[in-house]
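The values are calculated or read from the model by the stated rules, or taken from the named source; none is laboratory data. Small disclaimer: the values here were computed from a predicted structure and weren't measured. All Cβ positions, glycine included, derive from the backbone under ideal geometry; neighbour counts span all protein chains shown. For the accessible areas, the whole protein counts, side chains as well, though only heavy atoms, and no ligand, DNA or RNA atoms are used. Shrake-Rupley method; radii C 1.70, N 1.55, O 1.52, S 1.80 Å.
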Amino acid sequence: MSDIRDDARSGFAEVFDTEATGVWSAPGRVNLIGEHTDYNEGYVLPFAITRRTIVALGLRDDTMIRVASAFADEVAEIDISELSPEKLTGWAAYPLGVAWALGQHGADLGAVPGVDLFIESDVPVGAGLSSSAAIESAVALALNDVWQLGLDRPALAQVGQLAENKAVGAPTGIMDQSASLLGERDAAVFLDCRSMVAEIVPLRLADAGLAIVVIDTGVSHSHADGGYSERRASCERGARMLGVAALRDLSVDDLDRARQILDDTTFRRVRHIVTENQRVLDTVEALRTTGPRSIGELLDASHESLRDDFEISVAELDLAVETAQANGAIGARMTGGGFGGAAIALAPLDAVSRIQVAIDGAFAEHGFGQPEMFVVSASHGAVRE
């Protein structure tokens, strides 16, 4: 962690020819279970990971915001007074969108100083580990501190979501930013996306001799692309046709009625959301009572639902899940928005290496690119370093 923090400081000094005022960080996240339920006002169970995004910040004596990063050559800049979603493009829309969204949440942007920002990260991009929310959360916390806005973390999560929805144009829910801001060590964040009430649920993986392996397939995805938007629109259509405010309001007992009313595709989208919400509740109950070794079947069922009903898996994700299951994983599923990205496997510690070797071999045999695999731990949320 110290290396990437130092890299952010040195990158800031190199680009802006001065020292940073401070450094903030926010983690990526793994969603243990609860996929696409967040924008349906349902339940999610993500946890923050040890991969983090670092923001080095320096105050200016004018009203300009300049942003630079280790992963792009250009320095984007704009006057604070000119911030608006339609003027923000490319990767800089994430940090600049946060500054704009803070104004929408009550910050007087006419009374705050300009800033320089330099961003460094070891959260894989496009892997479904929410590199975007890590940027948004780190920037939101940093600006909240230096501009002395006094917003709490749930409000900052809403700021990040607004930035992603309006400035970036990705119709995502609030799960990712909540995990990045509210996460705690060795615990998941059980979030009710309607009430925004969050509870910390201990994972106790090490006590159970378990680890979570992330398998990054290398198949990049983007939430701003059409597949994600189409799934969200299908869910909203299903809710309208069934006469509910959101699919959160349906239970498994409502599915027979839904089958009579909806076309097949919309029904399967709805069935995934309804059953996935129940799986989140069941996972939380299992973690609290019988422990993490009892959640494997729920993870497996989640993947099957995402693959067959929501239809957002890809061949690489399916192969990663099936190979992990066949080589000792207690449970495995794709994680994230889909159409690529990463899978996770919950595995006994002594099976981790076997799973990694088997997946490497399976990907090579199928002619897929070599996946990146690493073990993640549940980490703390965004902080000033």
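Odds and ends about this structure:
- Where the chain is the region considered: accessible area per residue in Å², 1.4 Å probe: 38
- Sorting 135-146, 299-310, 272-283 by their mean Cβ neighbour count within 10 Å, with the most densely packed peptide first, gives 135-146, 272-283, 299-310.
- DSSP-defined antiparallel bridges as percent of all bridges, the chain, nearest 5: 90
- Think of each Lys and Arg Cβ as +1 and each Asp and Glu Cβ as -1; about the Cα centre, that makes the dipole of the chain roughly 860 debye.
- Förster radius 30 Å - calculated FRET efficiency between SER220 and ASP360, Cβ distance, rounded to 0.05: 0.95
- Of all accessible heavy-atom area on the chain, the percent that carbon and sulfur account for (1.4 Å): 45
- Listed residues GLU372, GLU322, GLU86, most fluctuating in the chain (Gaussian network, C-alpha, under 10 Å): GLU86
- Using a Förster distance of 25 Å, the FRET efficiency for ASP17-ARG384 (Cβ separation, nearest 0.05): 0.60
- In terms of packing, defined here as the mean over residues of other Cβ atoms within 10 angstrom, the peptides 54-62, 38-46 line up highest first as 38-46, 54-62.
- Taking each residue as 0.36 nm, the span from VAL244 to GLU311 lengthens on full extension beyond its C-alpha to C-alpha distance by 21.8 nm.
- Spatial separation of Cα centroids for segment 1-71 and segment 294-371, in angstrom: 28
- Computed about its Cα centre, the charge dipole of segment 183-302 is approximately 240 debye, with only Lys, Arg, Asp and Glu carrying charge at their Cβ.
- Considering only VAL270, GLY340, ALA157, and ranking their Cα positions along the charge dipole of the chain that arises from unit charges at the beta-carbon of Lys, Arg, Asp and Glu, the one farthest toward the positive end is VAL270.
- Among PRO202, PRO27, PRO95, the residue with the largest mean-square fluctuation in a Gaussian network model of the chain, with springs joining Cα atoms closer than 10 Å, is PRO202.
- Taking every DSSP helix (H) stretch of at least 4 residues in the chain, weighting each as -39,500 (n - 2.57) and dividing the sum by the residue count yields a mean residue ellipticity at 222 nm of -12500 deg cm²/dmol.
- Most mobile of THR217, THR290, THR89 in a GNM of the chain (Cα contacts under 10 Å): THR290
- ASP61-HIS105 pseudo-label distance in nm [points 7 Å out on the Cα-to-Cβ vector]: 3.1
- Segment 1-160: C-alpha gyration tensor shape, a/c 1.5 cut-off, then a/b vs b/c: oblate
- Gyration tensor verdict on segment 204-332 (Cα atoms; rounded if a/c is under 1.5, prolate if a/b is larger than b/c, oblate otherwise): oblate
- Between THR290 and ASP145, the C-beta separation translates, for a Förster distance of 56 Å, into a calculated FRET efficiency of about 0.85.
- Segment 288-376: C-alpha gyration tensor shape, a/c 1.5 cut-off, then a/b vs b/c: oblate
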